[in-house]
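The structure's right below; bear with me while I get my questions together.
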Amino acid sequence: MKLRNFLRKISLFVFGSTGKKENENVLQRIESTMDSKEGDLIFDEINVLSRRLAEIEMDIESRGVNIKHFGVAGDGVVDDTSKIQEAINYCVINKKELLLENKTYLIKGSGITIPSDNLTIRGNKIGNTTIKVLDMDADSSIFTLSSIRNIKFENIIFDGNKDPNVKHAINCSGNNVDKNLRVVDCTFMNFIKENNQVIYVWQARDVWITSNKFLDCVRPIFLDSPNDNVFVESNLILSPSSIMVNGIQCNSASEGIRSVYIAGNTIDGAKTDQEGNGIDGHGIRLYRSKGVRVIGNILKNCASSGILIASSSWDSLITGNVCYSNKTGIYVELNSKNTAIGLNNIRGAVVTGNTSFNNQQGICVSYSAGSIITNNIVHDNSGRGIVSDSEKVNISFNVVYNNYKDPNKAFPPQFSTKAGIESYGYNNIINSNICFDNQTIKTQLHGIAIHDKGSIVTSNMLVGNARGGIQYSTPTINIIANNIE
């Protein structure tokens, strides 16, 4: 009876339990063999199963090589660095995937170098394949890819183990821009070095960082001078210990078009602004990165802003994002108040279709002439709703209500207009917005406040604010018409 059950289990494993013909035939033969007590036939059935097991193993080996063949311990205690390096060298030469088991592999010293193109390192999809570090060299990386293409990491847990020396989990650098790097379904945690960049990519084209999880990493994703087709999508970035500086950072040394798509990520807790001047502490931070698309992200609990579009990141599109419980929901600061600078270049950014609430201020546009702020919902911020100090900004079709809920956190507190939309720039268009306060004790005093000349303020719905629809200091040199107050 025991032998019969054993053979049945093996057959189910080999052929599956989905009613396949092979499985049914083998099970019937096993039953007839056992019932007739024809012992020799038992061994024939075992041979059938053995051959099938061998075929499965050959199929797996044709796609990849199991790390176990290289003598790794996989116990999280014994140093596996040299064995993993040996396995990677073999797989690169023989064009095989490296398959990791559901174990913990310990890396020490200078880490692992991927020597050539075309390698996939794949963990156990239903397990907890972990690469853990200990006693790393100063400013070291777990994996270093220098001018290497076509590398993929999948289903791996990278544990920085709070090692104070490890700077990168994946360091993808070199002058070769066609990286074709993919990091998918991985987890990165406990990378605490002050200046670490957990995934660092320099001069990148064709990069996908998707569906990963980051837990307590100082700088989870750092894109340095990306060039084209860079996708950072559907990642979960959390910092329960409040050590995160910026969640996703896109930096460039010079101005240029960066075809970068940052979409569908959730970032919570970029609370560390080391200098205290707003440079850090952002969920998403763009710097000199023209044309970046920031779409459908959730940003919360950030010390400076949910999204910062900074320093010449012209023509960026910020749409469909939800920002709450940050100092500023969305901050656009492009270093040019005046569109006369660089007339032949696209100026400003487009901020449309976002929701920003329960921040100190909802949307701020500073030194960002030519920006477009439309179709956003901005409400229940402790200070301002939408504010702009720039020229030729179009603020239209927004819904702005119940702001300035905490007068002690007004941003900055010396301004007393407390309007849903405030304009301090020249020649702006403020059109077809809805600004109101429906609280029992109203805190948003005015719908719109105009503090400079040349603006066109038309067709806004401004009923229900505490003191009136429009507050202005220079009414004779602005066009104000067809508003409902």
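The values are calculated or read from the model by the stated rules, or taken from the named source; none is laboratory data. Nothing here was measured: the structure is a model prediction, and the numbers come from that model. Note: ideal-geometry Cβ built from the backbone for every residue, glycine included; neighbour counts use all protein chains shown. Surface areas here come from the heavy atoms of the whole protein model, side chains and all, with no ligands, DNA or RNA. Shrake-Rupley method; radii C 1.70, N 1.55, O 1.52, S 1.80 Å.
Please state which of the following conditions Y472 fails to meet, knowing it meets all the rest: (1) at pLDDT 90 or above; (2) buried (at least 16 other Cβ atoms within 10 Å of the Cβ).
(1)
Counting only residues that are in contact with a strand residue (DSSP E or B) (Cβ under 6 Å, 6 or more places away or on another chain), within 16 Å of N265 (Cβ to Cβ) and not in a strand (DSSP E or B), how many does segment 317-333 have?
Result for segment 317-333: 2.
If you don't mind, another one. For a quick check of your reading of the model, give me the residue pairs whose first member lies in segment 142-153 and is open to solvent by 60 Å² or more (accessible area, probe 1.4 Å), whose second is assigned to a loop (DSSP other than H, G, I, E, B), with beta-carbon atoms closer than 7 Å and at least 6 apart or on different chains.
Going by the 7 Å Cβ cut-off, the qualifying pairs are S146/G174; R149/D117; R149/N176.
D79 - would you say it is surrounded by fewer than 18 Cβ atoms within 10 Å (Cβ to Cβ) and either under 26 Å from P164 (Cβ atoms) or at pLDDT 95 or above (or both)?
yes
Take segment 86-124 and flag every residue that is within 28 Å of the chain's Cα centre (by Cα), of a type in the set (K, R) and assigned to a loop (DSSP other than H, G, I, E, B).
Correct list: K103 only.
Further, regarding this structure: Of all residues in segment 252-299, which are acidic (D, E) and modelled with pLDDT of 90 or more?
D268, D280
Another question, then. Criterion first (within 26 Å of V201 (Cα to Cα) and of a type in the set (A, V, I, L, M)) does A73 satisfy it?
no
Can you go through P226, P240 and tell me which one is part of a loop (DSSP other than H, G, I, E, B) and in contact with a Cys (Cβ under 7 Å, 6 or more places away or on another chain)?
Going through P226, P240 in turn, the sole match is P226.
Assuming R182 fulfils every condition listed in (1) open to solvent by 30 Å² or more (accessible area, probe 1.4 Å); (2) at pLDDT below 90 apart from one, which condition is it?
(2)
When the residues of segment 365-385 are narrowed to those that are hydrophobic (A, V, I, L, M, F, W, C) and open to solvent by 10 Å² or more (accessible area, probe 1.4 Å), which ends up nearest to I298 (Cα to Cα)?
I377
Have a look at I237, I192, I279, I295 and point out the one that is closer than 27 Å to N128 by Cα, open to solvent by 20 Å² or more (accessible area, probe 1.4 Å) and among the hydrophobic types (A, V, I, L, M, F, W, C).
The match here is I192.
If you don't mind, there's one more thing I want to ask. Could you count how many residues in segment 429-460 are open to solvent by 80 Å² or more (accessible area, probe 1.4 Å) and either at pLDDT below 90 or more than 11 Å from Y401 (Cα to Cα) (or both)?
Looking only at that region, the number is 3.
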